[in-house]
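Reviewing the structure listed below.
The values are calculated or read from the model by the stated rules, or taken from the named source; none is laboratory data. These numbers were taken from a predicted model, which means no experiment stands behind them. Glycine also receives a Cβ, built like all others from the backbone with ideal geometry; neighbour counts cover every protein chain displayed.
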Amino acid sequence: MMRIDVISAVPDSLVSPLNTSILKRAQERELVELVVHNLRDYAYDKHKQIDDKPFGGGPGMLLKPEPFFECIEECLSERNYDFILFPSPGGEIYNQRMANRFSLAKNILILAGHYKGVDDRVRERYATNEISIGNYVLTGGEIAAWVIIDSVVRLIPGVLNDSESALNDSLMDGEIIEAPYYTRPADYKGMKVPEVLLSGHDKKIKEWKEEKSKNLTDKWKKINNLE
Ligand code: ADE
């Protein structure tokens, strides 16, 4: 079973995200084990302080190195990690290929920073991959951790049912956007589902989907400045 550990100063923020819908079901089916560690449990001093002012000045507080080092060392004493991920706006932009690679791992550890950041010695000593989920700034790495966990866990065999299958996803092999989907009613407020989908003509439906997919993929590449 794959195991993903997260270290966080605000572990509560991950309780609902990791225990709802498909991630919840994946844990119940024992296809993945998700464990969130509370950084405060590893506070070094008697005041349980986990943050401090940055050397050299500047606004905000930084998460101190000692609680991270203590918690990470405890994790490492119990298992080896294929990847130790450090979410950060300065990291490599996350994509499906990375999710595919991480989904083959046995154990992953995610170091979720909060506040203004983490003392850089934590990243320097332990991170194998620094990952950004996009060019914008979040309040903390927990949301990025959720994004990474969600995209990885759904790729584990058995997590999705056949009808939810990841095999024909948009972006499965990198850069394909799928044709749109519709369900009943066929006419909603005058907005009609494309006739061909109601025709029962398998070959025509397949051709329509391929054509739509190609057009949407071209448009997607254009608006995202790809190629
Ligand atoms: N922490 C703050 N912003 C982030 C981002 N865009 N990606 C990953 N981690 C982050």
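Quick check: anything in the range 91-105 over 19 Å from residue 156 (Cβ atoms), assigned by TED's automatic domain parsing to the domain that holds residue 46, within 12 Å of the ligand (Cβ to nearest atom) and at pLDDT below 95?
no
Working carefully through the options 82, 45, 41, find the one that is at pLDDT below 95 and among the acidic types (Asp, Glu). So that I can check it myself, show each step before the final result.
Values: 82 fails: at pLDDT below 95; 41 fails: at pLDDT below 95.
Just a single option satisfies the conditions, and that option is 45.
Could you grab me the full set of residues in the range 97-113 that are assigned to a loop (DSSP other than H, G, I, E, B) and among the hydrophobic types (A, V, I, L, M, F, W, C)?
Selection gives 104, 105, 112.
Anything in the range 1-42 that is of a type in the set (Asp, Glu) and surrounded by fewer than 17 Cβ atoms within 10 Å (Cβ to Cβ)? List them, or say none.
12, 28, 30, 33, 41
Show me the helices (runs of 4 or more DSSP H) found entirely inside the range 114-226 where at least 2 residues are in contact (Cβ under 8 Å) with a residue 40 or more places away in the chain. First the steps, then the outcome.
On the way: elements: 120-126, 141-153, 195-198, 202-223.
Because the criterion is at least 2 residues that are in contact (Cβ under 8 Å) with a residue 40 or more places away in the chain, the helices (runs of 4 or more DSSP H) in the range 114-226 that meet it are 120-126, 141-153, 202-223.
Residues that are more than 15 Å from the chain's Cα centre (by Cα) and of a type in the set (Gly, Ala, Ser): does the range 41-48 have at least one? Outline the logic, then answer.
Looking only at the range 41-48, we keep the residues that are more than 15 Å from the chain's Cα centre (by Cα), and these are 41-48.
Narrowing the set further to residues that are of a type in the set (Gly, Ala, Ser) leaves 43.
Scanning the range 41-48 turns up at least one residue that is more than 15 Å from the chain's Cα centre (by Cα) and of a type in the set (Gly, Ala, Ser).
Listed here are the residues, each with its yes/no results for (1) in contact with a Cys (Cβ under 9 Å, 6 or more places away or on another chain); (2) hydrophobic (A, V, I, L, M, F, W, C); (3) surrounded by fewer than 16 Cβ atoms within 10 Å (Cβ to Cβ).
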{"position": "129", "(1), (2), (3)": "no, no, no"}
{"position": "146", "(1), (2), (3)": "no, yes, no"}
{"position": "156", "(1), (2), (3)": "no, yes, no"}
{"position": "181", "(1), (2), (3)": "no, no, yes"}
{"position": "189", "(1), (2), (3)": "no, no, yes"}
{"position": "192", "(1), (2), (3)": "no, no, yes"}
{"position": "206", "(1), (2), (3)": "no, no, yes"}
{"position": "215", "(1), (2), (3)": "no, no, yes"}
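Do you know which of the residues in the range 52-90 that are over 16 Å from residue 6 (Cβ atoms), surrounded by 14 or more Cβ atoms within 10 Å (Cβ to Cβ) and within 16 Å of the ligand (Cβ to nearest atom) is farthest from the chain's Cα centre (by Cα)?
Among those that are over 16 Å from residue 6 (Cβ atoms), surrounded by 14 or more Cβ atoms within 10 Å (Cβ to Cβ) and within 16 Å of the ligand (Cβ to nearest atom), it is 61.
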